[in-house]
Structures are given as structure tokens and as C-alpha cells.
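Only one structure is covered here, and it is reproduced in the block below.
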Amino acid sequence: MYPLVYIARHGQTEWNAEHRLQGQADTDINALGRKQAANNGHRLAELVRNPADFDFVASPMRRTRETMVLMRTAMGLDPTAYRTDPRLVELSFGDWQGFTFAELEERHPGCTDGRRAAKWDFQPPGVGAESYQMLLDRVKPWLDALRQPTICVTHGGVMRCLFRLVAGTSKKEAAGLEIPQDRLLRLEGRSLEWL
């Protein structure tokens, strides 16, 4: 059983808007992303009575750290008083990072067929590239170590892994989940709920 955790995906980036594979490329959030982060912070201010009871943790990437700073500012808290955890970094798309699927297909016709057929277990080409299953193996120890109420800013891939780990969502369904950037995911016990 897990403690209460509020999880936010980082705010939108230009690469999100362009449907580019971001992975571990270190991008910044855009104007809409900053608004999404502030709005999620205002929502947390309504939900969290005593922020001092919560551990605040983010992926160390720029887009997640900026989101956390804006959320904490909106909550009226010291924007820098949080920690990072590398286990919360997005999966790596290897050589595919920075490209859209259309661009990849234009360069190498058929290269994305394997991902469409088995998205959860597909590992893109390139050094350090990961499948969702490899990401899940990285995220699970973080999830299992949770002991106190937590507010977390991470990435879409990590949140898909949480649905597999907590709710037992199938590989196919988890891989296809839409992960909004303007809502919070509430985890408690064995339940996940979008707010």
C-alpha cells in the first residue's frame, strides 16, 4: 500500500507541441507549459493542508524542475526547496530523440513498425535507449521506497509505468495512455485517480 502521492507531468514543451520524441533530451517548457504548471500548483494548494508533511521530488530534467518551481511558487512555498531523483527521468528514445515519427519513417521506411506492434517492450535504436519495461524496472524501486506523502513531477513514460505497477494496467493499455499535462494524478493505497 502506498502513501498519498500527487503526481504531475511536466508542463508542455515546444517538442510536445510538435510531437517530437523528447525522451532524455533536456528541453524547456513553453508559455502554455508554464501556465499548466502554475495551475497544478494552485490546485495542490487547495488539496494539501500541510505541505511540510510532504516530500517534494522531481526528475532532474529542466522541464520537470521548472514545473516544480512554478508549482511550489503557486503554492506559496520556497520554489527551490525540493529534491531530484534520477530514477524519475523519462525513458531514452536513443537515436530517435528529436524526431517525429513521420521524420523517422521518411528517413528509414518501416522503422517504427516494431514499436506499433509491441510498444511496451520495444527498444529504439541507439546507445542507452530504453523500452517502457526497462523504464518500469528503474521506476519500481522509487515507488517501493515511498514512505511519506509526496508531491512528484515527472514524465509521461514514468506515469504509464505507475499505471502498470499500481493498477495492473495491461502493457498495451498502459503504453497507449494519454497523460495530460494540465491535471494531477492522485495515488493512494492501490488506487490511481485523475484530478
Taking amide hydrogens as modeled 1.01 Å from N in the peptide plane, which residues meet the under 5 Å criterion relative to S92, leaving out close sequence neighbours? E130
Show me the trypsin sites (Lys or Arg not before Pro) within the stretch 43-117 that DSSP assigns to loop and that have at most 11 other Cβ atoms within 10 Å of their Cβ. R49
Is the shape of the stretch 15-62 rounded, prolate or oblate, going by the alpha carbon gyration tensor and its root eigenvalues a ≥ b ≥ c, with a/c under 1.5 for rounded and a/b larger than b/c for prolate? oblate
If you line up the Cα atoms of the chain on their principal axes, what length do they span on each, largest first, in Å? 53, 36, 26
Cα centroid separation, the stretch 109-134 to the stretch 50-89 (Å): 30
Between Q181 and residues 5 or more places away or on another chain, which pairs have amide H atoms under 5 Å apart, with H built 1.01 Å from N, and which residues are they? none
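Bear in mind these aren't lab numbers, they're just calculated from the coordinates by the rules spelled out. Just so it is clear, the structure is predicted and the values come from calculations on it, not from any experiment. Cβ atoms come from the backbone with ideal geometry, glycine included; neighbour counts cover every protein chain shown.
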